[in-house]
Amino acid sequence: MGEGWQLMQIRGIPLRVHPSWFIILVLFTLAFQQQAAALPEGSGAPVLSWLLGLATALLLFVSVLLHELGHSLVALREGVKVNSITLFLLGGVARVERECSTPMGSFRVAAAGPAVSFALAGLLLASQHAATHANPLLGNLVGQLGALNLVLAVFNLLPGLPLDGGLILKALVWQFTGSQRRGIQVATATGRLLSLSAIMIGVYIFLRGGGFTGLWLVMLGWFGMGASRSQSQTLALQQLLINLRVGPASSKRYRVLEADQSLRSLSQMRLRGAESESDLMPDWVLVCRSGRWLGYVTDQPLKDLSVQYWDRQTVGEHMRPLAELPSLQESAPLWKAVLALEQSEHGRLLVTGAAGLPSGTLDRSDVGEAVLKGLSLKLPPPLLEASRRRNDYPFGLPLLQAVMSMRASGLLDETSDSLTS
């Protein structure tokens, strides 16, 4: 879902409207207009019934906005930045920079939205009688909004992701088990069950003549299934990035020259590798002397010096410290490699053993291939080669997003604690 159009800011939080919101606004306006036109006071006054339908729909979305503001304001109190609130086809969503670092903080943020909806429902339903005395149409509007806020609160408390009830369940499981990942797994499973139930009930209602109500339930269930599937895939990727290690995923995209070899040896090595490397990143050239690693050398000396000097000067005279190359130990988990690759201007890492000596290299295609193998998927060599040329993850695997999600939710801290304990 895109960001949509920004309307205003509330407490520094951008309020946006997604284009899909206008679809549901029209549908709700039509539904509420028909209800208003069926009342004795609204019959014979089409303009008034349309105005009431539009007002009810707009006020409903004001209620949704207040619901999301409840989440957002509590998140701000918990020290979490709120990036935006967006109204869209299925309601509203508050985008936060990260999750709360404690289960009870997450619980308070998740519970704030339904609490606001319950408060609005109580206030509106309590004032319905007085509003009806003033004007029956006004009383009908207030009563409908009160009932809708009650439904909004109860619906959001269903214990399955991505609903507030699922976030509450996740926080409670996290609190009692000490594992946020376990909380996500439980809430995702219940969310999938609820979504499947919504689809089945929606289809049944639609076939029995329920029309819009049945289709709406099917749409909500379909959205929930998509969210659960996405969450499950992200969890699977995250688990692999935690379990897999850099060493087995690495390749050996480096070459070795002795420090006393001439620069012409470097040139000849490059000429021999040019055809096989084609448009791939050229291999690193590491420099050693009698089996001891000394540094690495780039092609810059070949560009700076005339050809007649290539036989007179050695590789060792132009080598650079090996510590300049971005490196990672073989024992490091793959999620650390994903972060290190993003920070590396080379798009590649030098892999070192326990003694700090080079043992291989790692790029995005290596990481992606290891993850796909972990998912029991084998990547055809041409696709792997194309990925290596682009220096990206095969199939556009969202590995960076998975790691950033782990960092934002505190799962990396949880993982680090489990590794050190």
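Every number in this text was worked out from the coordinates using simple rules, so none of it is lab data. From a predicted model like this one, the values you see are computed outputs, not experimental measurements. Note: ideal-geometry Cβ built from the backbone for every residue, glycine included; neighbour counts use all protein chains shown.
A Förster radius of 45 Å combined with the Cβ-Cβ distance from residue 126 to residue 193 puts the calculated FRET efficiency at roughly 0.80.
For the range 137-234, what does the relative contact order come out to in percent, with C-alpha contacts under 8 Å and a separation of six or more? All intermediate terms of the calculation are to be shown ahead of the outcome.
Working: 123 pairs, mean separation 21.3, N = 98.
Dividing the mean separation by the residue count of the range 137-234 yields 22 percent.
Dividing the helix sum by the residues of the chain, where each DSSP H run of 4 or more adds -39500 (n - 2.57), gives a mean residue ellipticity at 222 nm of -19500 deg cm²/dmol.
If R0 is 22 Å, the Cβ-Cβ spacing of residue 340 and residue 290 corresponds to a FRET efficiency of close to 0.10.
The DSSP beta bridges internal to the chain are antiparallel in roughly 70% of cases.
Restricting to lysine pairs 8 or more places apart or on different chains, what number in the chain have Cα atoms under 27 Å apart? Here the count comes out as 9. Working ranking of peptides 373-379, 311-317, 15-21 by packing, defined as the average number of other Cβ atoms within 10 Å per residue, highest first, is 15-21, 311-317, 373-379.
Hey, what did the chain get for relative contact order, percent, Cα under 8 Å, at least 6 apart?
Details: 670 pairs, mean separation 43.2, N = 421.
Once normalised by length, the contact order is 10 percent.
Determine by what factor the alpha-carbon radius of gyration of the chain differs from 2.2 N^0.38 Å, reporting the quotient.
Relative to the rule-of-thumb radius for its length, the chain sits at 1.37.
Assuming R0 = 56 Å, what is the FRET efficiency of residue 373 and residue 31, from their Cβ-Cβ distance, to the nearest 0.05? The partial results should precede the final answer.
Values: r = 51 Å, r/R0 = 0.92.
Plugging the Cβ-Cβ distance into 1/(1 + (r/R0)^6) gives 0.65.
Between the amide H of residue 296 and those of 287, 320, 322, distances stay under 5 Å, these residues lying 5 or more places away or on another chain, with hydrogens modeled in the peptide plane.
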